[in-house]
Amino acid sequence: MMLKLFKENVRIASGSIRTQLLRTVLTVMIIAIGITALVSILTVVSALENTISSDFASMGANTFNIKQYENTVRRQGRDEREIINPIISYPEAVAFKNKYNYPLTETSLSFTATAGAEVKYESTKTDPENSVVGVDEYFMTNSGLETSSGRNFTRFDVDNNAYVCIVGSDFEKGLFKDINPIDKVVSIRGAKFRVIGVLKEKGSTFGNSQDLRILIPIQVARSLFTAPNINYTVSVMVNKKELLEQALDNATSVMRRVRKLSPIKDNNFGIVRSDDLINKILGITQYLGWASWLIGIITVLGSSIALMNIMIVSVTERTREIGVRKALGAKKTTIAIQFFIETLLIGQMGGLVGIIFGILIGFGIATAMDFAFVIPWGAIMAAFITSFIVAIASGLYPAIKAAVLDPIEALRYE
């Protein structure tokens, strides 16, 4: 009986919506604009978070890096001063690696030799936009990198200064033009390197391509690129997550000894954990999420006011119809439910249109900004719930107003 009554109310509500098509379309669009704003912003924020997570996950799990800086400004009293840390020199990096013997860890040394190298293969050459990185045999493992073909460096390659290299995935598409690059010989600064591996595609991080890298053994890089004050990065990977904190504390102690720091002096180097970096950046995106909710709620609030106003007008216009139904025996609850269902139908239609437009706009923005788009299920659920709440809030007063109308006065209404 209740199901039949519900179906009948839905049918009556649908008929009423069809008879007021222009008003319904305008109302749906008002709600859709609010939901579109909410969904599109949440979609872009979700895509941004996904991009950041995937980009910085390349640092490797349970990894920390020892660099020149962790941060550059520290507050002292009312003044701020810039901390100028010394670079991490090659002797310091080697001394750390030799002294740091914490269990279940692997230490890697690396440095960016140049960010503007030109690479030649036979008569073809690239633009001077390739970065050359000097690495050891542990660099790829510690950085979360893998090869799509070929192999990683071995201890033999590094110790014997072999002229071999691992290239980024863009070289397969560009320089080699779909030729298998393994065992091909390329030229970098006049030196010949045999390609032993190709990195899996990483894409871009904030506009900087990660697939134009060339990895070469660290000693070979030091002999070819002899710029002054080369700054090295020390990367440590801990094989067991539960040992990460102790390994990090031990690394801090070792690096302080390498730099001969007295107990009263602060660290003049930075230690950056892979998960800390991700969490800091994702913490910033949380503010974007809160801002999107605030904007969405304000817009949806306007939509709910507009929907309530239109439903009140609808009740006024249909006063005589309400009087006829009450005269024929319709109960207050039946009249209220009828208007309530009509409001819910309009609200959900607006929510559906808003979700579609919101996802399309979010996808367009994410694609234009090269973010990793994912279907925002959270935003979709939020939109459905929001549109439902809007319909309830907007339909409650008009439904009650229709239900309490006096049938005699309603029949007299012109």
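For the Cα trace of region 141-257, dividing Rg by the Kirkwood Rh returns an Rg/Rh value of 1.02. Among the listed pairs 97/202; 99/260; 120/192; 99/265, a Cα-Cα separation exceeding 19 Å is found for 97/202; 99/265. With the simple model of a label 7 Å out from the Cα in the direction of the Cβ, residue 146 to residue 293 spans 3.6 nm. Placing R0 at 25 angstrom, the Cβ-Cβ distance between residue 264 and residue 229 gives a FRET efficiency of 0.35 after rounding to 0.05. Full extension of the chain between residue 309 and residue 102 gives 67.5 nm of extra length, using 0.36 nm per residue less the Cα-Cα distance.
With a Förster radius of 56 Å applied to the C-beta separation of residue 14 and residue 68, the computed FRET efficiency comes to 0.25. Summarising the amide proton neighbourhood of residue 119: residues at separation of 5 or more, or on other chains, whose placed amide H is nearer than 5 Å comprise 126. Applying both filters, DSSP loop and at most 16 other Cβ atoms within 10 Å, to the GluC sites (Glu not before Pro) of region 87-180 gives 118, 122, 129, 146. Could you check how much of the accessible area of region 303-344 is carbon and sulfur, as a whole percent, using a 1.4 Å probe? Carbon plus sulfur share of accessible area: 66 percent. Ratio of Rg to Rh for region 286-348: 1.22 [Cα atoms; Kirkwood radius as inverse mean 1/r over pairs].
Other residues lying with their Cβ under 10 Å from the Cβ of residue 173 contribute a combined charge of -4, Lys and Arg counting +1, Asp and Glu -1.
Taking 0.36 nm per residue of sequence separation and subtracting the Cα-Cα distance, how much length would be gained by fully extending the chain between residue 385 and residue 26, in nm to one decimal? Mind showing how you got there, number by number?
Numbers: separation 359, 0.36 × 359 = 129.24 nm, distance 2.10 nm.
Full extension of this stretch gives 127.1 nm more.
Label separation (residue 156 vs residue 400): 8.4 nm, computed from points 7 Å beyond Cα along the C-beta direction. With both labels modelled 7 Å from their Cα along Cα-to-Cβ, the residue 332 to residue 392 distance reads 2.2 nm.
Which of the chymotrypsin sites (Phe, Trp or Tyr not before Pro) found in region 127-217 are in a DSSP loop and have at most 12 neighbouring Cβ atoms, other than their own, within 10 Å?
Filter output for region 127-217: 206.
The values are calculated or read from the model by the stated rules, or taken from the named source; none is laboratory data. None of the values given here were measured: they were computed from a predicted structure. Quick reminder, even Gly has a Cβ in these numbers, built from the backbone with ideal geometry, and neighbours come from all protein chains shown. Surface areas here come from the heavy atoms of the whole protein model, side chains and all, with no ligands, DNA or RNA. Shrake-Rupley method; radii C 1.70, N 1.55, O 1.52, S 1.80 Å.
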